[in-house]
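Engineer: Following this message is one structure expressed as structure tokens.
The values are calculated or read from the model by the stated rules, or taken from the named source; none is laboratory data. What you are looking at is a predicted structure, and each value in this text was computed from that prediction instead of being measured. Every residue, glycine among them, receives a Cβ derived from its backbone with ideal geometry; neighbour counts consider all protein chains shown. Heads up: the accessible areas ignore ligands, DNA and RNA and are worked out on the full protein's heavy atoms, side chains in. Shrake-Rupley method; radii C 1.70, N 1.55, O 1.52, S 1.80 Å.
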Amino acid sequence: MNSIFGKILSKYLIPKKLPCFILSRKPMILVSYWMDFYNNYEKILSQLPSNKTSYCIFQLGYHVERAWRLDEVFKQYQDVQNNLNSKSINFIFLANSQAEADLLKTKGLNSVFCNQNAFLDESRYKVLETKKKYDSLYLARITPIKRQELASEIKSLRLIGNYFDVEKNYFDERINSLKNATWKRKIWAFNVYKHMAEAHTGLCLSSEEGAMFVSTEYLLCGLPVVSTESLGGRDTYYHDDYVRISKDCPKEVYKAVRELKNMDINPNYVRYRTIQIMKEHRLVFIKLIQGIIDKEGFERDFMKEWPKVFTHKLGLRTSLPYGIAKHRSLTEDSWNALNRKRIAA
């Protein structure tokens, strides 16, 4: 699409999409990242009906496993509650770890342990039989939180990840210090599995973040993983058969990489076990939605609807095919139009 034409089309013809995804119309159920919702809650709430109960389900980008973070989320939650304007809305948080769910509940927040990585579309990730070029791949932004320096002892390292302009000096310093690494800024999302197939192991070296999609993406591509101890829930999918938890030490990270590389682990086994765990969390989610449907008195089987409803990452923070986006995305000032369409599910 011509860039000038695209800008005109976006500005004048395509409604601005709000950062949430419609899971169900009857009853109304939306899913969103908490911070995306919080930053746009007045606009989102204005699109919800006043004469019936709506349900807003949230994923958590960054973990909520420390007191300061819990207090931050709870204060934001109170801000939203104080501005509901008499609308009936239930809020449910999907936690990425049991510890996170338990902490949210201490503040009276409705929370269910349902890890966000379960909503990766496994069909996008494949096990390829190809020649390995690298001991390890680290697919992550070049930024301090990712701690690429812990990979300094690895003999053959592939780094893939962009950086913020304000972190250019940090990027230069880090890349120059990793003498055994080759770096690529970006790759196409649909080609991720091809790049992963070139490495013996995947790296996850941050100590705190969210569930870290790429951690599970490695596993879906059959890569064993070397991780440090972490908060955020990425370890939900880990198993001793193909994951090593390393100390925060470059020599220990390399030792773990070398061990996994020499084990010659069956990649299809890694992928299979990961998908089984994903299915467990999807079932938690399906039962949650079914409970809402039953409570509101609708006769529907959400398990049967799931194959049609499901899309990669539940359509959040990702590009959707036009047909899905048109039917599932909530846009500003669009409630009446959406209400006439009788969107399925």
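Engineer: For E100, only one of the following conditions fails: (1) part of a helix (DSSP H, G or I); (2) charged (D, E, K, R); (3) surrounded by 14 or more Cβ atoms within 10 Å (Cβ to Cβ); (4) over 24 Å from the mean Cα position of the chain (by Cα). What is its number?
Structural biologist: All conditions pass for E100, except number (4).
Engineer: Quick check: is even one residue across the stretch 62-83 within 17 Å of F285 (Cα to Cα) and polar (S, T, N, Q)?
Structural biologist: no
Engineer: A further question follows. Which of the strands (runs of 3 or more DSSP E) contained wholly in the stretch 122-235 include at least 2 residues that are open to solvent by 10 Å² or more (accessible area, probe 1.4 Å) and at pLDDT below 95?
Structural biologist: Because the criterion is at least 2 residues that are open to solvent by 10 Å² or more (accessible area, probe 1.4 Å) and at pLDDT below 95, the strands (runs of 3 or more DSSP E) in the stretch 122-235 that meet it are 181-184.
Engineer: Considering each of R328, R317 in turn, give the residue that is modelled with pLDDT under 95 and under 19 Å from F93 (Cα atoms).
Structural biologist: R317
Engineer: Are there any pairs, at least 6 apart or on different chains, whose C-beta atoms fall under 7 Å, with the first in the stretch 73-102 and among the hydroxyl-bearing types (S, T, Y) and the second in a helix (DSSP H, G or I), and if so, which?
Structural biologist: Within 7 Å, the pairs are S97/T236.
Engineer: Turning to a different aspect of this structure: Within the stretch 264-283, restricting attention to residues that are surrounded by fewer than 14 Cβ atoms within 10 Å (Cβ to Cβ) and either over 19 Å from N117 (Cα atoms) or polar (S, T, N, Q) (or both), which residue is farthest from the chain's Cα centre (by Cα)?
Structural biologist: D264
Engineer: OK, next. Across the stretch 188-243, what is the number of residues that are polar (S, T, N, Q) and under 13 Å from R271 (Cα atoms)?
Structural biologist: Of the residues in the stretch 188-243, 2 are polar (S, T, N, Q) and under 13 Å from R271 (Cα atoms).
Engineer: Kindly list, by first and then second residue, each pair from a residue in the stretch 57-71 that is in contact (Cβ under 8 Å) with a residue 60 or more places away in the chain to a residue that is hydroxyl-bearing (S, T, Y), limited to pairs with Cβ atoms under 6 Å and residues at least 6 apart or on different chains.
Structural biologist: Going by the 6 Å Cβ cut-off, the qualifying pairs are Q59/Y33; G61/Y33.
Engineer: Something else now. Condition test on E153, is it among the charged types (D, E, K, R), in contact (Cβ under 8 Å) with a residue 60 or more places away in the chain and out of contact with any His (no Cβ under 8 Å at 6 or more places or on another chain)?
Structural biologist: Answer is yes for this residue.
Engineer: Go through the stretch 51-86 and give me each residue that's under 18 Å from Y41 (Cβ atoms), in contact with a Pro (Cβ under 8 Å, 6 or more places away or on another chain) and open to solvent by 10 Å² or more (accessible area, probe 1.4 Å).
Structural biologist: Hit for the stretch 51-86 is T53, nothing else.
Engineer: State whether one or more residues within the stretch 37-45 are farther than 25 Å from Y218 by Cα and charged (D, E, K, R).
Structural biologist: The answer is yes, given that some residue of the stretch 37-45 is farther than 25 Å from Y218 by Cα and charged (D, E, K, R).
Engineer: Quick check on the stretch 44-90: of everything there that is part of a loop (DSSP other than H, G, I, E, B) and touching a strand residue (DSSP E or B) at 6+ places or on another chain (Cβ under 6 Å), which residue is nearest to K313 (Cα to Cα)?
Structural biologist: So, considering only residues that are part of a loop (DSSP other than H, G, I, E, B) and touching a strand residue (DSSP E or B) at 6+ places or on another chain (Cβ under 6 Å), the one nearest to K313 (Cα to Cα) is G61.
Engineer: State all residues of the stretch 238-254 that are over 19 Å from Y272 (Cβ atoms), aliphatic (A, V, I, L, M) and in a strand (DSSP E or B); if no residue qualifies, say none.
Structural biologist: Passing the criteria: only I245.
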